[in-house]
Amino acid sequence: MGERALVVIPTYNERDNIARLIPAVLEKDPRLQILVVDDASPDGTGGLVDEIAASDPRVHALHRAGKMGLGTAYRAGFRWALEHEYDYVFEMDADFSHDPAHLPQFLEAIVDADIVLGSRYRRGKVTVVNWPMSRLLLSYAANLYARFVTGLPLDDSTGGFKCFRRSVLEAIDLEQVRSNGYAFQIEMSFRAWKKGFRIVEIPIVFTDRTEGESKMSKKIVREAVWMVWRLRWWALTGRI
Ligand SMILES: Nc1nc2c(ncn2[C@@H]2O[C@H](COP(=O)(O)OP(=O)(O)OP(=O)(O)O)[C@@H](O)[C@H]2O)c(=O)[nH]1
Ligand SMILES: [Mg+2]
C-alpha cells in the first residue's frame, strides 16, 4: 500500500471556507486525505462536512460536542490519524491563511525531516500578507520571546501549518500536552526537539483570513506567555 497523509483541519464556524478548501487540498496530491475536527459549529460546518464525506472516501469528519479549543482538537485528530495508520499528519487552518499550494513542498521536505514547519519568518524574511502592523509585531515578538525562553531554534514556532512524521506523534505522550492556543504549536515542537527529532522550516506565504471570524483571544496569548516558562522548567526537571 502507498503512503498516505492526513490533513487535520480544526473548524469553528468555517462553513464557507471549508467547502472551498477541501477540493483545493485534495487536488494537490493523491496521497492526501482530510480530517475535519468540528466543535459543533453553530453555522453548520459539521453537517456540511458530513455531506462531503459521504460522497468522498478521502474526506473524514470528527465531531465534538462544543468549542474546546485548538489544542484538544488537534490531539483528537492526531489520535485518529495514528489509529488509522497514516504516515504523515498535517496541521492546517480552515481559513485559507495556509495556502494549499504549499502542500507538495511539505511532502517533499518531510522525506528528510521528522517535522516540517511552514515559516512566516524564515531567516528574518517576513512573508505575511494583510495583517495589521500591530498583529505582525505581536506575533514576531512572541516568536523571539519563545526562542529566548525555551531555546527552541526556530524562526516561527507559533505557526500552525505543519507536517509531522507519524513516529513523532507516537513518541510524544499526547495526554501530557497541556496548551491549547498558540502555545500548543510551541509545545509540540519543543517536545519533539527535546526528543531529538529533526525539524525543518520551509518559507510559506501566510495571508490573513478574508472570510469568517477570528477566534484569537487575550486568553490564548496569556497562555503562551506562561507556557514557555513551564516548558523550560519541565525540560530542566526532566519531565520532557
Ligand atoms: N475545532 C475547533 N477549531 C477551532 C477552535 N478555535 C479555532 N479553531 C479553528 O482553528 C483554525 C485557526 O483559528 P483562527 O480563528 O483562524 O485563528 P488565527 O489564525 O490565530 O486568527 P485569525 O485568522 O485572525 O482568525 C481555524 O480553522 C478555526 O476555525 C476550536 O475551539 N475548536
Ligand atoms: Mg486564521
Obtain the nm distance between the two label points defined at residue 219 and residue 232 by a simple spin-label model: each point lies 7 Å from its Cα along the Cα-to-C-beta direction.
2.6
Taking the alpha-carbon centre of each part, the distance from segment 176-227 to segment 14-61 in Å is 22
Quick one: accessible area per residue over segment 3-68, 1.4 Å probe, rounded to a whole number of Å²?
43
Net charge around residue 168, counting only other residues with Cβ within less than 11 Å of its Cβ (Lys, Arg = +1; Asp, Glu = -1)?
+4
Classify segment 1-141 from the C-alpha gyration tensor, please: rounded if a/c falls under 1.5, else prolate or oblate depending on whether a/b exceeds b/c.
oblate
Can you tell me how segment 107-156 classifies by the Cα gyration tensor, rounded, prolate or oblate, using a/c under 1.5 as the rounded cut?
oblate
Using R₀ = 35 Å, calculate the FRET efficiency as 1/(1 + (r/R₀)^6) where r is the Cβ-Cβ separation of residue 29 and residue 178; round to 0.05.
0.60
For segment 180-240, report the accessible area per residue in Å² (1.4 Å probe, heavy atoms, rounded to an integer).
58
Per the charge dipole of the chain (beta-carbon charges, Lys/Arg positive, Asp/Glu negative, Cα centre), the residue among 103, 236, 186 reaching farthest to the positive end is 236
Round to a whole number: what % of the accessible area of segment 1-109 belongs to carbon and sulfur, probe 1.4 Å?
52
Taking the alpha-carbon distance from residue 219 and a cut-off under 26 Å, which lysines remain once sequence neighbours fewer than 8 residues away in the same chain are dropped?
67, 162
Over the chain, what is the mean sequence separation of C-alpha contacts under 8 Å (at least six apart), divided by residue count, expressed as relative contact order in percent?
23
Amide H contacts under 5 Å for residue 9, placed H, 5+ residues apart
35, 36, 37
Tail fraction, Cα-Cα pairs, the chain, threshold 29 Å, whole percent:
23
Can you check what the net charge comes to around residue 177, using other residues whose Cβ is under 10 Å from the Cβ of residue 177 (Lys, Arg +1; Asp, Glu -1)?
0
Using only Cα atoms, find the angle between the long axis of helix 15-26 and the longest principal axis of the chain, and express it within 0 to 90 degrees, rounded to the nearest 10.
90
Rounded if a/c under 1.5, otherwise prolate or oblate - segment 178-219, Cα gyration tensor axes:
oblate
Taking only protein heavy atoms and a 1.4 Å probe, the highest-to-lowest accessible-area order of 98, 63, 84 is 63, 84, 98
Sulfur and carbon atoms: percent of accessible area, segment 127-223 [1.4 Å]
57
Relative contact order of segment 109-240: what whole-number percent is it, with Cα pairs under 8 angstrom and at least 6 residues apart?
38
What's the local net charge at residue 226, with K and R +1, D and E -1, over the other residues with C-beta under 15 Å away?
+4
For every helix of n ≥ 4 consecutive DSSP H residues, a contribution of -39,500 (n - 2.57) applies; sum these over the chain, divide by its total residues, and give [θ] at 222 nm rounded to the nearest 500 deg cm²/dmol.
-13000 deg cm²/dmol
Say we join alpha carbon atoms closer than 10 Å with springs in a Gaussian network model of the chain; which of 150, 210, 45 then has the biggest fluctuation?
210
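The values are calculated or read from the model by the stated rules, or taken from the named source; none is laboratory data. Here the structure is a predicted model, which is why all the values come from computation and not from measurement. Backbone-built Cβ (ideal geometry, glycine too); neighbour counts: all protein chains shown. Only protein heavy atoms, including side chains, enter the accessible area calculation; ligands, DNA and RNA are left aside. Shrake-Rupley method; radii C 1.70, N 1.55, O 1.52, S 1.80 Å.
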